[in-house]
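The values are calculated or read from the model by the stated rules, or taken from the named source; none is laboratory data. Predicted model, so just to flag it, every value in this text is computed and none were measured. Please note: Cβ atoms are built from the backbone with ideal geometry, for glycine as well, and neighbour counts cover all protein chains shown. These area figures cover heavy atoms from the full protein model, side chains too; ligands, DNA and RNA do not enter into them. Shrake-Rupley method; radii C 1.70, N 1.55, O 1.52, S 1.80 Å.
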Amino acid sequence: MFDKLRVKLNEFRKAIDDKLKAAPQPAEKAGILDKAVAITKGEVILTEKDLEGPLWELEMALLESDVALPVAESIIDSVKKGLSGQRKRLLSSTGDLVEDALRDSLLGILSAHTLDFEEYVKAHEKPVTVVFTGVNGTGKTTTIAKLAELLKEKGYGVVIAAGDTFRAGAIEQLEKHADRLGVKLIKHQQGSDPAAVIYDAVAYARSNRKDVVLADTAGRLHTNVNLMEQLKKISRVIKPDLVIFVDEAIAGNDAVERARLFNDAVPISGSILTKADADSKGGAAISIAHITGKPILYLGIGQGYKDLKKFDPEWFVDRLLER
Ligand SMILES: Nc1nc2c(ncn2[C@@H]2O[C@H](COP(=O)(O)OP(=O)(O)O)[C@@H](O)[C@H]2O)c(=O)[nH]1
Ligand SMILES: [Mg+2]
């Protein structure tokens, strides 16, 4: 997973190195001071204009890694600024310079706001209410089961709310998970008001001293006005502590538009990206974090209850840049 960018980055390094090789080299007998000056000349090569080609290549690499266009452009911009700012320093390796600038830019996006879910649950007044949003089939229900397992392991009392009252079979699917995990499920009939289900789950958690309510919701397209209004109603009625947006790590450009519209409808606290075990290039994580300005909390890395990995920006960027 996440290996595409590294390959392309090597091409970018090479392009920059070629640029520098084309720069005037110091004479053989040049003294150490002359060499230092020459290296400085080498840096001068890295002007915006000279970087245009290599930066374009890097932008293509980002796009091929499924980073959305506006996000790739913004990253390129920040890398460009990072590189220009470095011009006066003595450089030993251009590859390091490029990588550092890119690394800083990616880490800046992925660590904009940090939110440690477990720490939040630990510190916050109980019950902590968490509502999950996203389109159909991204893995909301599975992720809720995984988090229920994780919280249960830590000794928390968990209640799951069957807030997907829309899709046939959704309540039964969640009920199976709840039974397997030995976790309380609050459900109403299919077609009932999801806000009411979640409200009941919170009330149950209060009177039974449970710690966390994990509320499922129906998958909905970000373009469906009625269903997005329903999500706003859930948010108004429940006033959840956290809203978590679930999408796929393998999502492409469309993920950006989805993340933006979901975040506009009900501001999210963070995202979870599922299916990172599939052939994921990692771009969705960067795009979604950039567009929402909110952290990625976890990666789903399989279909089992334990297949949830806490998202670590450093680890992620290391994977991308293969350090
Ligand atoms: N490989 C893989 N499959 C996943 C992951 N998370 C969910 N799935 C699968 O994706 C499908 C849809 O998941 P579901 O939770 O029903 O999505 P929902 O419609 O958003 O609730 C199911 O077959 C899940 O087993 C993951 O991290 N990795
Ligand atoms: Mg579901």
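A compact table of results
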read-out: For residue 223, net neighbour charge (Lys/Arg +1, Asp/Glu -1) across residues whose Cβ lies under 14 Å away; value: -1
read-out: Charged-residue dipole, Cβ positions (Lys, Arg, Asp, Glu), the range 279-323 about Cα centre, Debye nearest 20; value: 120 debye
read-out: Size-normalised alpha-carbon gyration radius of the range 117-311, reference 2.2 N^0.38 Å; value: 0.93
read-out: ³J(HN,Hα) computed for each position of the range 176-181 - Karplus, 6.51 cos²θ - 1.76 cosθ + 1.60, integer Hz, glycine/proline x; value: 4, 4, 4, 4, 4, 7
read-out: Kirkwood hydrodynamic radius of the range 103-158, from inverse mean 1/r over distinct Cα pairs, in Å; value: 13.5 Å
read-out: At R0 = 56 Å, FRET efficiency that the Cβ-Cβ distance of residue 136 and residue 49 yields, to 0.05; value: 0.75
read-out: Heavy-atom accessible surface of the range 117-311: percent carbon and sulfur, 1.4 Å; value: 46 percent
read-out: Length gained when the stretch residue 236-residue 18 is fully extended (0.36 nm per residue, less Cα-Cα span); value: 72.7 nm
read-out: Surface per residue (accessible, 1.4 Å probe) for the range 152-201, Å²; value: 51 Å²
